[in-house]
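*Asks:* I have a structure I would like to understand better, so I am pasting it below and will then ask my questions one at a time.
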Amino acid sequence: MSLIQLIFFLGDDGGSDVEIVSITPVRKPIIPKVNSFEDKIKSNRYVDPDWLQNLCDTYKKLSKETDQESQNQKIKKDLYAKQNEKALAPIEDRIKRHMAITETVILDEAVEEEPTLPELTPAMLERIKAALVPRPPSAVVAEGFGLRITRNDIHTLANCNWLNDEVINFYMNLLIERSKKEGLPKVYAFNTFFYPKLMESGHASLKRWTRKIDIFSQDLIIVPVHLGVHWCMAIMDFRSKRVEYYDSMGSHNNKCLTALLKYLEEESKDKKKTPYDTSDWKAVNMEDIPQQMNGSDCGMFACTFAEYKCRNAKITFSQKEMPYFRRKMVYEILTGKLMM
């Protein structure tokens with residue numbers, strides 16, 4: 001850096017003294033230039049080549065897994081479609097038979113009229129409505145047969161609710177009570193806990209259940225069957241030597257039928273000390289019976305199958321009568337007596 005020379009004219013008397021002064025400029029520190037934006041970019045992981053490569057690899061893996069899952073779903077869809085086609089074939093055949101044009105009915109032939117259902121009067125309906133109020137849930141609305149039915153229990157008969165064990169067990173006792181009338185089949189009904197115990201532990205766990213009843217002196221033995229989320233009904237008919245299975249969704253249950261026949265054999269050995277021959281009994285999965293059209297009326301169908309069977313009535317009801325049967329059952333539980 002060059003010197004800077006200054007000339008001053010000094011003198012108090014106005015003289016012309018001359019002094020030359022040299023000044024060296026102050027050196028400023030050298031500050032390196034910094035590109036802060038560039039540094040931020042370089043330190044950001046999202047522009048790191050490795051991160052970008054990992055991201056691409058991850059998405060390729062996800063895309064491959066998604067494609068595989070789509071293929072699996074397509075395979076399942078095709079499989080279910082084939083199963084549904086196979087399952088629906090009998091139903092389609094049944095519908096075709098129902099829709100087929102039949103011969104004209106000859107007027108002079110006697111046509112059996114279906115019996116009319118008991119009327120629910122306005123007074124009955126008011127009592128039913130009052131019982132279906134769900135509060136307080138623990139309030140008892142009916143007692144009998146060593147059982148108590150609360151508002152919470154009776155409310156399972158409202159709308160499209162699922163029936164619970166308490167309601168079905170109370171109704172089974174109403175069937176037994178009605179069977180004491182002259183002219184009706186003698187009926188005994190097991191409660192809802194019989195079937196799961198039979199399937200789990202066999203006859204040995206049920207010996208004490210029939211200490212006070214001779215099931216072989218009955219005409220009909222009613223067995224409610226609960227399959228987790230679905231109610232069915234099994235009936236042992238000593239008159240015709242048949243064990244029948246009623247499912248409102250059309251399924252078969254040979255395991256249930258076999259277990260009930262074996263139960264009869266074991267019960268005879270235990271109570272009568274003699275073998276019971278079931279070789280001439282028939283195990284029947286009932287066909288062409290009313291089918292439910294929703295997912296909540298299975299308990300009603302099961303109870304109604306049993307009620308019709310226990311009075312030797314032809315099974316003629318359908319889904320459209322279920323709201324009526326629900327209200328009727330409420331009234332029957334409240335009064336402790338079946339209306340038919």
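The values are calculated or read from the model by the stated rules, or taken from the named source; none is laboratory data. Note that this is a predicted model, so its numbers are computed, not measured. Cβ sites come from the backbone with ideal geometry, for glycine too, and all protein chains shown count toward neighbours. Please note that ligands, DNA and RNA were not included when accessible areas were found on the heavy atoms of the full protein model with its side chains. Shrake-Rupley method; radii C 1.70, N 1.55, O 1.52, S 1.80 Å.
*Asks:* Return the loop-located trypsin sites (Lys or Arg not before Pro) in segment 125-210 (DSSP other than H, G, I, E, B) with at most 10 other Cβ atoms within 10 Å of their own Cβ; answer none if there are none. Intermediate values should be presented prior to the final figure.
*Replies:* Details: sites: R127, K129, R148, R151, R178, K180, K181, K186, K197, K207, R208; in loops: K180, K181, K186.
Those that pass, being in a loop and sparsely packed, are K180, K181.
*Asks:* Just reorder Y171, Y324 by solvent-accessible area, largest first, 1.4 Å probe, all chains present.
*Replies:* Result of the area sort, largest leading: Y324, Y171.
*Asks:* Could you sort W231, W162 by their accessible area in this structure, using a 1.4 Å probe and putting the largest first?
*Replies:* Per-residue accessible area, sorted high to low, gives W162, W231.
*Asks:* Based on the Kirkwood radius over alpha-carbon pairs, what is the Stokes-Einstein translational diffusion coefficient of segment 157-229 at 20 °C with 1.002 mPa s viscosity, in µm²/s?
*Replies:* 157
*Asks:* Rounded to the nearest 10 Å², what accessible area does S201 show when all protein chains are kept and the probe is 1.4 Å?
*Replies:* The accessible area comes out at roughly 60 Å².
*Asks:* Compute the Rg to Rh ratio over segment 181-340 from the alpha carbon atoms, using the Kirkwood formula for Rh, and round to two decimal places.
*Replies:* Using only Cα positions, Rg/Rh for segment 181-340 is 0.96.
*Asks:* Within segment 179-263, which GluC sites (Glu not before Pro) sit in a loop by DSSP and count at most 14 neighbouring Cβ atoms inside 10 Å?
*Replies:* In loop regions of segment 179-263 (DSSP not H, G, I, E or B), the sparsely surrounded GluC sites (Glu not before Pro) are E182.
*Asks:* Ok, one more. Put M340, M236 in order of accessible area, largest first, 1.4 Å probe: what do you get?
*Replies:* Working: M340 50, M236 0 Å².
Descending accessible area places them as M340, M236.
*Asks:* List the chymotrypsin sites (Phe, Trp or Tyr not before Pro) within segment 240-313 that DSSP assigns to loop and that have no more than 16 neighbouring Cβ atoms inside 10 Å.
*Replies:* Y276
*Asks:* Between segment 258-316 and segment 217-236, what is the separation of their alpha carbon centroids in Å?
*Replies:* 5
*Asks:* Once you keep just the Cα pairs under 8 angstrom separated by 6 or more residues, what percentage relative contact order results for segment 127-227?
*Replies:* 20
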